[in-house]
Each structure stands twice: as C-alpha cells, then as structure tokens.
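Structure first, then comments.
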Amino acid sequence: MTDQFRAKLRLALPFALSGLGTGAVWAQTDDQVHQPLEEVVVTGQLQKSLAETALPVSVLSDEQLRQQQSTNLGDTLKNIAGVHSSSFGSGVGRPIIRGQTGNRVRVLQGSLGTLDASSVSPDHANGISPLAAERVEVVRGPATLLYGNGAIGGVINVIDNRIASEPLSPRAVFDISHNSNNQQNTGALLLEQPWQNWNWHLDGSRYSADDSDIPVPANPEQADEYRGVLENSDREGDSITLGSSYLTENGYLGLAVSRYTTNYGLPEGLHEHADAEAEEADVRIDLEQTRYEFKAGRDLNGLFNSLEASLAYTDYQHRELEVTSATTEVGTQIANQGFDSRFTLSHNPLAGWQGVVGLQLQQREFGATGEEGYILPTDIASAGLFAVESLDIAQWTIELGARLEHNQTELHQGCKQSSNTTSASASLLRPVSQQSSAWVSASWSERAATEEELYSNIDPASCSHFPGEALVTHAATGFIELGNPELDRETSQNLELGWRRHQGLWTAEVNLYYNQINNYIYAANSDQADAPELFNLVADSDTLLYYSQADAHFYGAELSATGHLYELTSHHLDWRLQGDWVRAQLDSGSNVPRLAPARLGTELAWVGERWTVSLDASHVFSQTHTAPGETNTDGYTLVGAYADYHFLPNGQEWTLYLRGNNLLDEEVRDHTSFIKDAAPAPGIGVEVGLRVTL
C-alpha cells in the first residue's frame with residue numbers, strides 16, 4: 001500500500017463512516033419501489049407510462065432527484081446510463097448523451113427550448129437552474145420529431161409547476177446545504193398555494209462557492225503540496241420564478257416569469273491575450289437570463305380531444321469579463337433573444353390509431369460582439385409540422401412519427417442559408433411477460449447546420465472568411481474556428497433494440513443502438529479537414545479548426561438494473577448496477593473528438609421507514625480511442641455515499657441529509673473537456689443539508 005493511497009484512505013474513511021452511520025434515501029414503501037409502472041412520460045407527447053413506451057427514457061423525480069440535484073444540469077444528470085457531463089471548470093456542466101452534446105442535445109424548460117448559448121461553446125453554462133426542478137426526463141436517441149431540428153443525441157426536459165394544469169396542493173419547501181470542498185452554501189425555496197380557481201407558484205435559489213480543492217497541485221507554485229486549489233473556479237448564482245395559472249371547467253391558462261443569473265470563473269491558463277496585463281487577468285462569465293412563458297390547454301369535443309399551446313420568450317446575454325486587481329473589462333458580449341412556441345392537437349382514436357399533430361415555430365437573434373466576437377449578429381428562424389401516431393394490435397404497439405421543418409440562418413447584411421429537413425420514425429413494442437417488454441425502433445433524422453458551424457469568422461458582405469490578420473481566436477477553446485457556409489444537412493439513420501423489466505422485485509433496462517450519420521459536422525484540425533488550403537491563413541495551423549463534414553457512425557450499449565436483495569417488514573436492501581459504452585468514428589477511420597469513455601457503477605442502499613444509507617462506486621475506464629491531436633486520458637474510480645433521516649413533527653417533514661463525493665480523492669480528468677489537463681475535477685468533499693417541507 002503506497003503512502004499516497006494511505007493518505008487518500010485516511011481522508012475517505014471519516015466521510016464514508018459518517019455516511020454509513022446516518023441514512024441516505026428516504027424510506028420507500030414497496031409500492032413506491034415499483035412506481036415506474038405508473039410513471040407517465042410527458043416528453044413523449046403521447047404521455048405513456050414507462051411500461052408502455054418504446055422510448056429509451058429516464059426519469060428523475062422525488063427523492064432520487066433530490067439526491068442528485070446540483071447547481072448545473074450536467075452534474076444533476078451524469079449518473080443516468082448514457083448521460084455524461086462535460087466540464088469547463090466547476091461553473092459548467094453540459095450534458096452529453098450517447099457521445100453527442102451541444103447542438104445535438106435539445107435542452108427544454110417545460111417542453112420549450114431554453115434559448116441560451118450553451119450549444120455554441122463548451123465554456124457556456126445552460127441557462128437553467130436544476131434546483132427548482134420537480135422532475136427531469138431524459139430521452140436518449142433521436143428525438144427530432146417532437147422537439148425540433150438537431151436533437152440527434154436526445155432531449156432533456158426540465159419540468160416544474162410554474163404553470164400548473166391541475167390543482168396544486170398547498171406546500172412550502174426550504175432547503176439549505178453546505179459543501180466542504182469549495183465552501184459552497186446553497187439555499188432554495190418553493191411556495192405553492194391554490195386560491196379558488198388559481199394556482200400560485202414561487203421558487204428561488206441562491207448559491208455561492210469558493211475555488212475548488214483538487215487532489216493534485218494545480219500549478220508549479222503548489223508543487224510541494226499534496227493537494228491543490230483550482231484557481232478562478234469560484235462561482236455564484238441565483239434564480240427566481242413566479243408563475244400562476246387559472247383553471248376552468250375544461251382547461252387552463254397561465255403565465256410565468258423567471259430570472260436566472262450566474263457568475264463563474266474559467267480556470268487560469270486557458271486564455272491568451274495580446275498584452276502582458278491581460279495575460280494575468282482572470283476570465284469570468286457573467287450570465288443573465290429573463291424568460292416569459294405562456295401556456296394554455298383546453299379539452300375539446302369531436303375529432304380532437306385536447307389542444308395545448310405554449311410560448312416562451314427568452315432574453316439571454318452573458319459578458320466575458322477580464323478581471324485584474326485594478327480593472328474589470330468586458331472582452332466579449334454574447335446575446336440570444338427570441339421565442340419558441342408549440343401548438344398540439346390530440347385526437348380521438350381513428351381506426352384504432354391515436355396520436356398528436358403539432359406546429360412548432362421558433363425565431364431568435366444571436367450574436368457576439370467585442371474582443372472575441374467571432375460570430376456576427378445572426379437571425380435564425382424555423383417552422384416545423386409534426387405528427388406521432390400509435391396503434392395497439394393484439395400484443396403489439398406500433399408507433400409512427402414524421403416531421404417536416406424549414407430552417408433559415410442569415411447573417412445580418414447578407415450570407416443566408418435555408419434548408420428543409422425531414423425526420424421519420426417507427427417502433428414496435430411487445431410485452432415479453434406481465435413484467436417486461438421489448439422493442440425495436442428505427443429513425444431517419446436530418447439536422448441543419450447551426451450559426452457557429454456556418455458563420456464563425458465569416459464576413460457577411462463576401463460570405464467568406466475574414467483575412468488572416470482579422471481572424472478572431474475563440475479563447476475558450478484556444479482555437480481560431482472557421483465556419484463553413486456551404487455545409488450540407490446531416491442525416492442520421494438510427495436503429496435501436498431495447499428490453500425493459502418494469503415491475504417486480506427487480507427492474508432493468510438494456511439498450512443497444514447504432515447510428516449512421518452522413519455529412520456529420522465536426523471541428524476538424526489540419527490532419528482531418530477537407531479544405532487544407534484554409535490552414536495557410538495563419539502562421540500556426542495548430543491553432544485553427546475548420547467546420548468540415550464526413551460520414552460517421554456511433555454505436556453503443558446501456559444497462560441499468562435495480563433489485564431487492566433482502567426485505568423485512570419496514571426495511572429492505574437494494575442493489576443497483578449501471579453502465580454505458582459508446583464508440584464513434586468517422587468513416588475514414590479516425591475517432592470522433594472528446595468521446596465519453598465507458599463506465600460501470602454499482603450501489604448498495606439500506607432503506608428504512610424514515611431513513612436510508614447508500615454507498616456507491618463507479619469506474620470510468622481510460623479513453624484511448626482518441627482523435628488526431630488528442631491525448632489519452634487515464635481512468636479513475638469514484639466512491640460516494642449518501643445518507644438522510646426524516647423527522648415528521650406535527651405533519652411537517654424535516655430531512656437531514658449528508659452526501660460524500662469522490663471519497664478516495666481521485667484525480668479525475670474529464671476526457672470530454674477541452675481543458676482536462678488544466679482543470680481536474682474537485683477532490684474529496686462532503687455536503688450536509690436540511691430540507692423542510694410544510
């Protein structure tokens with residue numbers, strides 16, 4: 001046993017023992033354990049239960065969501081099979097689904113797009129606070145039919161009660177916590193109150209954190225220390241939402257307004273600037289987002305039985321600040337304003353078929369100005385028609401869908417691209433027994449190129465690249481990114497096999513998938529690009545990336561299983577196993593960049609009437625399937641623990657909880673991150689909190 005391992009073990013044992021001594025997931029009755037049978041999947045639009053849907057979907061809600069909630073979306077979801085989180089320091093956690101991220105993963109707030117800037121750059125956080133979520137649904141695989149061009153990787157839908165369509169129960173929830181690693185203090189509030197035919201909803205949150213402690217020295221000045229501090233990784237943020245809905249005999253309508261802000265640092269050593277003073281500056285992102293939402297629904301008579309209308313207007317902006325001891329300067333400002341809307345009609349059975357038809361309209365303006373303004377103001381608009389139909393025949397369920405969409409992306413004063421995309425899907429679901437079912441699905445999905453892929457460093461007057469001396473470096477990645485106005489549509493052909501056991505003393509799900517993507521768009525270096533002459537624009541070709549196209553294929557597998565190992569009248573021991581694996585290559589033979597490595601994890605949870613204690617471990621394997629210019633990333637093992645205890649005085653519920661993270665103080669390098677070598681993940685830490693429900 002090495003001295004380093006002994007030191008890690010001494011750090012881990014107090015946290016592990018404290019977790020094992022209290023309790024970790026609130027007690028679940030036997031009915032609650034088998035709740036997935038009744039869980040209705042809202043994001044599927046047909047609103048079927050988990051047992052009835054052929055979607056590879058995961059749902060986080062209730063106690064499971066509370067255990068995994070974080071201040072960013074990626075960290076909240078990273079324990080779901082097939083879902084990883086791409087970091088850029090502690091302030092950013094962008095979800096990755098089946099090796100896809102950015103503009104291939106659609107993030108929704110109440111089934112409408114968030115319209116932030118997270119898909120444009122890896123250092124941009126999602127403009128959403130998971131702390132107020134009541135439920136998060138993750139649909140893996142192509143989901144372009146219902147939610148728009150581009151969701152080849154999947155859809156994440158964050159759901160709350162800001163505009164409730166059903167009567168709410170009076171409720172007040174207060175939650176406070178403290179994390180020992182970065183001294184983060186977090187507070188959250190939720191108030192819900194019905195009054196006559198009205199529902200009222202208020203939620204808010206606030207967090208503030210110092211720099212993260214990491215298991216290794218962060219720079220030469222810390223070389224003699226066993227552990228280090230990731231400088232400029234501190235962060236703070238807050239959110240507030242006020243919503244109300246009015247219920248009628250056959251419908252509802254409501255309004256909500258929300259405000260989200262966060263200010264976080266990008267770890268040092270990642271940005272290059274023109275003068276010596278700027279090189280010493282800390283770079284921070286100051287993000288503000290205001291969102292207005294309207295929703296209405298009505299029951300109908302006749303062919304159609306219900307109508308739903310949703311519209312959200314989002315005003316997003318963030319400033320990239322360069323901070324020294326004397327000054328704070330705005331280097332770049334990025335803005336994204338616009339609306340997303342959906343209108344759906346559900347119809348009564350026609351010859352056994354039942355389903356939904358809908359219209360989606362979106363329009364927004366995106367642009368970056370200032371020192372790093374490498375994408376000039378751009379207008380983006382889309383209009384889509386879609387339909388999903390389902391038919392039960394004997395023991396088979398058939399589901400068909402189609403979508404037609406028109407997309408237009410135009411730089412101000414010229415340079416425009418228009419495209420029509422088509423998507424279609426078909427699936428067959430059949431019960432294998434009363435407790436399990438199997439399915440096969442196939443889909444065809446097209447994705448139009450996005451603003452950063454088309455117009456990075458593009459002159460709108462000539463619709464060609466800026467001259468070499470005028471090219472702008474994207475400081476977050478350290479590269480000069482060159483858009484390609486001639487990009488064609490991506491075409492994804494996906495085949496998936498799945499099996500799910502949804503009821504009984506144990507439940508499980510297995511998914512196998514293969515996805516062929518023709519004209520796959522990726523940021524190529526000089527060894528991969530199909531236009532090598534462009535790399536003569538700069539003296540150092542290693543600093544340039546060009547959005548190119550090539551055929552690619554993705555394939556992988558996902559497994560999740562949970563079972564009762566032992567059960568008494570009021571206690572039971574549960575075991576969970578989970579893993580995922582994905583490979584992705586261009587048809588030329590090279591690997592897709594920054595691909596998430598395989599992982600395998602397990603958890604034991606001892607559940608009582610008012611307490612639970614759990615201990616989990618997951619191994620992330622090394623990533624050696626690298627793209628040109630990438631380096632291999634070592635694997636690591638994460639050990640965690642969670643405990644809580646519920647007091648129930650006078651009808652109230654007080655929950656004391658404890659969470660231990662990275663208990664072995666492992667050095668964690670995220671292969672999906674642009675800055676894995678400069679910014680390891682936080683080391684050992686414990687979070688203690690109290691949640692009160694009135």
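Distance from the C-alpha centroid of the range 556-593 to that of the range 627-694: 18 Å, rounded to the whole angstrom.
For the range 232-259, backbone nitrogen atoms closer than 16 Å to the point 7 Å from Asn305 Cα along Cα-to-C-beta are found at 250-251. Only lysine pairs 8 or more places apart or on separate chains count here, and in the chain those with Cα atoms under 29 Å apart total 5. Only Cα sites of the range 54-160 enter the Debye sum here, all with the same form factor; the resulting log10 I(q)/I(0) across q = 0.17, 0.19, 0.21 1/Å is -0.68, -0.87, -1.10, listed in q order.
Could you let me know the centre-to-centre spacing of the range 316-386 and the range 91-160, using Cα atoms, in angstrom? The range 316-386 and the range 91-160 have Cα centres spaced 12 Å from each other.
Exposure proxy ranking for Val688, Val57, based on other Cβ atoms within 10 angstrom of each Cβ and starting from the fewest, stands as Val688, Val57. For the range 129-217, the spread of Cα coordinates along the three principal axes comes to 57, 39, 14 Å, biggest extent given first.
As a proxy for reagent exposure, ranking Ser49, Ser423 by other Cβ atoms within 10 Å from fewest up yields Ser49, Ser423. For GluC sites (Glu not before Pro), no site in the range 317-358 is both called loop by DSSP and has at most 13 other Cβ atoms within 10 Å. A simple count of charges around Thr693, restricted to other residues whose Cβ falls under 14 Å of its Cβ and scoring Lys, Arg +1 and Asp, Glu -1, yields -4. For the chain, the calculated P(r), taken from all Cα-Cα distances in 20 Å bins from zero up to the bin holding the longest distance, is 17, 54, 27, 2 percent. Translational diffusion coefficient of the range 574-681 (Stokes-Einstein, Kirkwood radius from Cα pairs, 37 °C, 0.692 mPa s): 199 µm²/s.
The share of Cα pairs per 10 Å bin across the range 296-359, counted from zero up to the longest distance, runs 17, 26, 17, 14, 12, 9, 4, 0 percent. For the range 401-475, what does the alpha-carbon gyration tensor say about shape, rounded, prolate or oblate, given a ≥ b ≥ c as the root eigenvalues, a/c under 1.5 as rounded, and a/b over b/c as prolate? Since a/c reaches 1.5 and a/b is larger than b/c, the shape of the range 401-475 is classed as prolate. Using R0 = 51 Å, the C-beta based FRET efficiency linking Ser462 and Trp575 works out to 0.25.
Where a number appears in this text, it was derived from the coordinates with a stated rule and is not lab data. All values derive from a computational prediction rather than experimental measurement. Neighbour counts are summed over all protein chains in view; Cβ atoms, including those assigned to glycine, are modelled from backbone coordinates with ideal geometry.
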